[in-house]
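The values are calculated or read from the model by the stated rules, or taken from the named source; none is laboratory data. All values reported here derive from a predicted model rather than from experimental measurement. Here the Cβ positions follow ideal geometry from the backbone for every residue, glycine too, while neighbour counts run over all protein chains shown.
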Amino acid sequence: MENPNVRCFVHSHHAGSLFEWHTENYYYENRLKDFDEIKSQVEPPWKIALRKKLFRDITDLLPPEWDKARAEWAKAGAEWDKARAEWAKARAEWAKARAEWDKAGAEWAKARAEWDKAGAEWDKAGAELDELVVEHGVGRLHDEVCNSVNPDCPWDGSSIFGKKD
């Protein structure tokens with residue numbers, strides 16, 4: 001069973017690979033166009049003529065028993081194209097997620113800086129309060145505040161349980 005989607009070409013290039021397999025229906029015409037438009041700018045006319053003479057689609061000359069292998073190659077190529085499309089989609093999703101991650105990271109860094117700043121202000125305010133307590137006198141403040149609400153407070157300057165025996 002012949003697979004018309006897989007074509008074999010001989011002498012697509014002047015050196016290197018002798019045969020090329022293609023699934024594009026337009027390959028032959030495009031390659032001839034390349035000879036005229038691109039190669040003709042850097043090669044003399046006799047080379048272009050030789051290229052055109054030797055370059056051929058030889059698919060119909062291949063042994064019929066190769067049809068199955070050509071069909072499998074075409075199928076594998078289609079699967080590869082599908083996988084490439086899935087990969088491209090996943091890569092785009094990854095790029096989007098990466099952008100969101102970077103944005104979230106920047107927001108986190110900003111929030112962390114604000115938190116650090118607020119923490120420093122809190123520490124500073126706490127230190128000012130501690131300073132006021134020291135200036136006023138710890139014992140005096142206790143006596144003024146705690147004894148006014150708990151006249152029988154057992155605080156002895158170091159514990160509410162008194163000195164150990």
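Residues in region 42-70 that are in contact (Cβ under 8 Å) with a residue 40 or more places away in the chain and either in contact with a Pro (Cβ under 9 Å, 6 or more places away or on another chain) or in a helix (DSSP H, G or I) (or both) were compared, and the one that is surrounded by the fewest Cβ atoms within 10 Å (Cβ to Cβ) is P64.
Of the numbered criteria (1) surrounded by 10 or more Cβ atoms within 10 Å (Cβ to Cβ); (2) at pLDDT 85 or above, the one V149 fails is (1).
Could we say that S159 is hydroxyl-bearing (S, T, Y) and surrounded by 10 or more Cβ atoms within 10 Å (Cβ to Cβ) here? So S159 fits the description; yes. Just one residue in the set V10, V6 is modelled with pLDDT of 90 or more and surrounded by 12 or more Cβ atoms within 10 Å (Cβ to Cβ); that residue is V10.
Scanning region 2-42 for residues being more than 21 Å from A76 (Cα to Cα) and touching a Lys or Arg at 6+ places or on another chain (Cβ under 8 Å) gives a total of 8. Being surrounded by fewer than 14 Cβ atoms within 10 Å (Cβ to Cβ), assigned to a loop (DSSP other than H, G, I, E, B), among the small types (G, A, S) and on the phi < 0 side of the Ramachandran plot is a condition met by at least one residue of region 14-31.
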